[in-house]
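What follows is a set of notes on a single structure, which appears directly below.
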Amino acid sequence: MLSLDSIDLAAIGLTLKLATVTTVLLLAIGTPIAWWLARTRSRLKGPIGAVVALPLVLPPTVLGFYLLVAMGPNGFVGQLTQSLGLGTLPFTFAGLVVASVFYSMPFVVQPLQNAFEAIGERPLEVAATLRAGPWDTFFSVVLPLSKPGFVTAGILGFAHTVGEFGVVLMIGGNIPEKTRVVSVQIYDHVEAMEYAQAHWLAGGMLVFSFLVLLALYTSRLKHNWRG
Amino acid sequence: MIGEAEILVAMSECAGEERLVATEGRVGIHARFRVGYPGFALDVDLRLPGRGVTALFGHSGSGKTTCLRCVAGLESADMGVLEVNGELWQDSARGVFVPTHRRSLGYVFQEASLFPHLSVRRNLEFGMKRVAAATRRVAWDQAVDLLGIESLLDRMPERLSGGERQRVGIARALLTSPRLLLMDEPLAALDLKRKHEILPYLERLHDELEIPVLYVSHSPDEVARLADHVVLLDQGRVVAQGGLVATLARLDLPTAFTEDAGVVVESVIAEHDEHYHLSRLDFPGGNVLVARRPEAIGHRLRFRVHARDVSLAESRNENSSITNLLPAVVCEVVTADTPAHVLVRLDAGGTPLIARITRRSCDQLGIVAGRQMWAQIKAVALLG
Amino acid sequence: MNAPVSGLLLALGLGVFALGVRAAEVQVAVAANFTAPMQRIAADFEKDTGHKAMVAFGATGKLYAQIKNGAPFEVFLAADNTTPARLESEGDTVKGTRFTYAVGKLVLWSAKEGYVDPKGDVLKSAAYQHLSLANPKTAPYGAAAMAVLAKLGLSETVGDRMVQGENITQAYQFVATGNAELGFVALSQVFKDGKVSAGSAWIVPADLYDPIRQDAVIMTRGIDNPAAKALVDYLKGPKAASVIKSYGYDL
């Protein structure tokens, strides 16, 4: 019976690494953005929120194409990375991470924003009257109260990055162990008419995605029941 | 509107016992705030005693809570000056704004707002452990005993009743050893039974701790029972501020024209009459007999005398069933809420009284300022 | 039924009837690299014959998968000769209709003027960071590019500077945006009016790789469609041939 070869396994390993790095970065970057969006009364809230949500509606190829142009040697990101001595980002793992961060941003920011908004102003005021400064309040009150939001954000960000295809296709260059992730590998198998291998990987993705969502929904149900 | 200076003069004429606490030196609280929102403006200048309970009293929408939030630094005022017992917390002219978490205050919200993810014990510790050990003046046991929450310590907030939550909220605020305790209608969200469950704790707080309290309330009963000092707010402005007894006895304030018009008297239990099952309460200028109280002799007790329960006579009428008779001098007479009635303010040897009588009786008896009368008190409402 | 509606239906009915007699539609699947010439050929075809070619473009492998799963294509223009042969052996085509409509030519191309020298020696240098080509597993142009590298003995030196597009269009995109300094693309992508229209290029000599024969075939679905036969005949004709050549294909 045919199963996964070493190239497939490398693609799986790379995908998990990409999703992990992206999720960690997104939680770090997304938290302040979500916090700002949840708390601000600035007029920029609408535009910034819309920009963050763009990947929800844009075809990944659009995002991928713009990233390819922007991160290319003549694009503004490319100019910047070159002047910093970093070269250009397309065809690199770092480039995939940058693209994935943009692409999965709304899946992390929105659950966090919802969680922060649900906390409301009161617990923050209470904490302030109990001598907790803003950072202290964030770590001792906001974080614990928005834990379900962080779990949701982490799972969705991870899963969405695993499922990413169009953007990677546009800027990845399909380099084994650097940019060839599972979804691209599945595409290649299909294109090459290697349907059996395609089934193995595609089936694995299906099961993975289902398990992730199952975990998410069961934990949500539990949470709702408890609260 | 009558200015403050004028009011003080009016009071000193008759009521000799004005208890306005002088802000001698730097002791006391000075708060000036101006806040403007569409449709609402707050403009207050408060000089409050540095000890005891000060009630911020007024209808909803009068700006009480906004005022309290300004003191806490939770509301950003357009103009603000705040000095608490010699410490400057805010001065917009000089760019001083101490953020809330650096102000040594405790805040009790209308709903207890306990942190749902922490047990009662951890809630209590939250503020306490953020205060340097050297500056802790309220001990753990003291706060826990005072509010009777020993048995609740290991519970989660969701397993507490409303009254229990509020007691924990108060203890939590106290454990930060605040220099000022702010309470925003802490009883408003509770039903009558819970209110009566908590009031004694608040009284003990008042009696046992030396922390000045700013207490927002719209309930005359709560104010009469707990406050030493009253600030009356209406539409964002201070209508009156002063000692509880003197302020409630004023006839120029809207409070005088409600059903509840009356005075508060601070008394001491002087004697129990076991035969008739009565207790005698002494106060400056006289005494009253009430149904036997459980408290010991020497216990301080407040009672309210409603204006509608006071009638006036030219002479001491020994042939009446009314036992409580007090000699009193008429200070002023004003028209009451109906044209048929007048309100008469009297001074019974230092204790103010208000009587609500018909204009006809007033004319027939020839009641005018300066006249000596007998006040017949039909009922007193004991507080506590 | 009211008069205007029945009138409309009558008109539609007549229209369909008229088309049925004089002109027909043919569903065509076309390999992505042949997009530009096919658009011109389809327009000429409609003008000259009255038949209409409805064209879908895509990667050959994907089109194959769609055909095997019931896509209603009547004529298939692949990017290689193996896929039509495979479809024929699987009984999905009309026997004897398979023919080579174009021979693709490989070019080493850069968007930068003067970057690629006329002999392609730049390929041996260390100057570039990325060499773009189509996925050799799935795209004939990619396989041809690999053959060229092997023949020149450069497979090792190029090594991990190689980046792959999923198809030849993407390989071109990497070069066009400057992300790859140079790449192997189809001559048809950069050739216009008899010359390379932009950048610099080395047209790879035909002896360095097997000819990229692009075969067309009539699918069993198109057996009774006169327009399918007409299109195939048209592709073999002189007018289509000149268009195909003008895009840099051989015949």
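Bear in mind that the values in this text are calculations on the coordinates, not laboratory data. Not measured: the values here are computed from a predicted model. Backbone-built Cβ (ideal geometry, glycine too); neighbour counts: all protein chains shown.
Over chain C, dividing the summed -39,500 (n - 2.57) contributions of all DSSP H runs of at least 4 residues by the number of residues returns a 222 nm mean residue ellipticity of -12000 deg cm²/dmol.
Of C:K112/C:K192; C:K105/C:K236; C:K62/C:K229; C:K137/C:K195; C:K62/C:K105, which sit over 27 Å apart, Cα to Cα? Walk me through the intermediate numbers first.
Working: C:K112/C:K192 17 Å; C:K105/C:K236 19 Å; C:K62/C:K229 24 Å; C:K137/C:K195 29 Å; C:K62/C:K105 22 Å.
From the list (C:K112/C:K192; C:K105/C:K236; C:K62/C:K229; C:K137/C:K195; C:K62/C:K105), the Cα-Cα distance tops 27 Å for C:K137/C:K195.
Over the residues of chain A, the helix contribution to mean residue ellipticity at 222 nm works out to -25000 deg cm²/dmol, using -39500 (n - 2.57) for each DSSP H run of at least 4.
For chain B, the relative contact order is 16 percent, taking Cα pairs closer than 8 Å that sit 6 or more residues apart in sequence and dividing their mean separation by the residue count. In whole Å, what is the distance between the alpha-carbon centres of region A:90-134 and region B:115-191? Taking the Cα centre of region B:115-191 as reference, the centre of region A:90-134 is 31 Å away. Helical runs (DSSP H, four residues minimum) scored at -39500 (n - 2.57) apiece and divided by the length of chain B put the mean residue ellipticity at 222 nm at -6500 deg cm²/dmol. For a quick check, take a GNM of chain B with Cα springs below 10 Å and name the residue from B:H117, B:H196, B:H275 with the largest mean-square fluctuation. Comparing B:H117, B:H196, B:H275 in a Gaussian network model of chain B, the most mobile one is B:H275. Which shape class, rounded, prolate or oblate, goes with region B:227-384 when its Cα gyration tensor gives a ≥ b ≥ c as root eigenvalues, a/c under 1.5 marks rounded, and past that a/b bigger than b/c marks prolate? Cα axes put region B:227-384 in the oblate bin. Working note: Karplus 6.51/-1.76/1.60 with θ = phi - 60° gives region B:96-113 the couplings 8, 8, 7, x, 3, 6, 9, 8, 7, 9, x, 10, 10, 7, 4, 9, 4, 6 Hz, where Gly and Pro are set to x. Between B:A270, B:A240, B:A328, the Gaussian network model of chain B with springs among Cα atoms under 10 angstrom shows the greatest mean-square fluctuation at B:A270. The angle between the Cα long axis of helix A:182-191 and the main principal axis of chain A comes to about 30°, on a 0 to 90 degree scale. Once the Cα atoms are used to define both axes, helix A:45-57 deviates from the longest principal axis of chain A by about 30 degrees. The mean sequence distance of close C-alpha pairs (under 8 Å, at least 6 residues apart), as a share of the length of chain C, puts its relative contact order at 29 percent.
Under a 10 Å cutoff between Cα atoms, tell me which one of C:G153, C:G61, C:G165 has the largest fluctuation in the Gaussian network model of chain C. Among C:G153, C:G61, C:G165, the largest GNM mean-square fluctuation belongs to C:G153. Shape of region C:105-208 from its Cα gyration tensor (a ≥ b ≥ c, root eigenvalues): rounded if a/c is under 1.5, otherwise prolate when a/b > b/c, or oblate? Rounded, since a/c falls under 1.5. Compared with the dominant Cα axis of chain A, that is its longest principal axis, helix A:195-226 is turned about 10°.
How much of the DSSP bridge set in region C:105-208 is antiparallel, in percent, rounded to the nearest 5? Antiparallel: roughly 60 percent of the beta bridges in region C:105-208. Screening chain C for whole DSSP H helices of 24 Å or more along their axis (Cα) with average Kyte-Doolittle hydropathy at least 1.0 returns C:3-22. Counting every other Cβ atom within 10 Å of each residue's Cβ, C:S155, B:S217, C:S200 order from fewest to most as C:S155, C:S200, B:S217.
Ordering A:V98, C:V163 from the fewest to the most neighbouring beta carbons within 10 Å gives A:V98, C:V163. Inter-part distance, region A:62-89 to region A:180-213, computed on C-alpha centroids, equals 30 Å. When only alpha carbons are used to place a centre, region B:321-384 and region C:141-220 end up 110 Å from one another. Counted without the sites themselves, the longest stretch of chain A free of trypsin sites (Lys or Arg not before Pro) in a DSSP loop having at most 10 other beta carbon atoms within 10 Å is A:44-227.
Among the trypsin sites (Lys or Arg not before Pro) in region C:170-251, none is located in a DSSP loop while being surrounded by at most 16 other Cβ atoms within 10 Å of its own Cβ. Entry note, chain A: relative contact order of 31 percent, from Cα contacts under 8 Å with a spacing of 6+ residues.
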